[in-house]
1. All but one of (1) modelled with pLDDT under 90; (2) within 18 Å of Ser11 (Cβ to Cβ) hold for Thr53, so report the exception by its number.
2. Restricting to the range 149-166, give me the number of residues that are out of contact with any His (no Cβ under 8 Å at 6 or more places or on another chain) and either assigned to a helix (DSSP H, G or I) or over 19 Å from Gln112 (Cβ atoms) (or both).
3. Tell me which residues, restricted to the range 17-51, are closer than 15 Å to Tyr71 by Cβ and among the β-branched types (Val, Ile, Thr).
4. Inside the range 45-75, can you point out the residues that are in a helix (DSSP H, G or I) and either small (Gly, Ala, Ser) or over 27 Å from the mean Cα position of the chain (by Cα) (or both)?
Amino acid sequence: MSAHEFALEISRLRSTLSLFTRRFTTDRDEMNDLVQDTILKALTYRDKFRSGTNLKGWLFTIMRNTFINNYRKNQRSGTFQDKTADLHFLNVADTHTFNSPDTALEYKDIWQHINGLRDELLVPFKMHTSGYKYQEIAKHLGIPIGTVKNRIFHARKEIQKRLAGF
């Protein structure tokens, strides 16, 4: 199949692709973007298409994968789309920063409570919050994995108890 024939077949399936986007989104702009991305990828990777196979199925697979990849990318980046009429969420002040003196003091106080833990609880807790896995902590400290989990649990409980009066 020549490039021109391939492009013609895809253009004939454009309305079918538009209908298929309703499985993923109801937003008109997202639907158009998804169709456009699908067609662009199909034309870019035309050499991957095998003649005699189902072109519509191939395009649907590209569309589904494109949607999933975009969704995952948005989730990782923490992208938030404000769909309220007056963009309410975008106009709300951000109170969750450490820029104000009050919150910086609270942050320091919290860490003082954490650092006040016994070393047997503090070391596994800090390692866990630094990203170490339970098995790595157990191996590093030379203790069973169950003991590591127990100490982290008790460290959390102790911190919660200390912060309750805070």
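The values are calculated or read from the model by the stated rules, or taken from the named source; none is laboratory data. All values reported here derive from a predicted model rather than from experimental measurement. Using ideal geometry, Cβ is built from the backbone for each residue, glycine included, and neighbour counts are taken over all protein chains shown.
1. (2)
2. 12
3. If the condition is that a residue be closer than 15 Å to Tyr71 by Cβ and among the β-branched types (Val, Ile, Thr), then Thr21, Thr25, Thr26, Thr38 are the ones that fit.
4. Answer for the range 45-75, where residues must be in a helix (DSSP H, G or I) and either small (Gly, Ala, Ser) or over 27 Å from the mean Cα position of the chain (by Cα) (or both): Arg46, Asp47, Lys48, Leu55, Lys56, Gly57.
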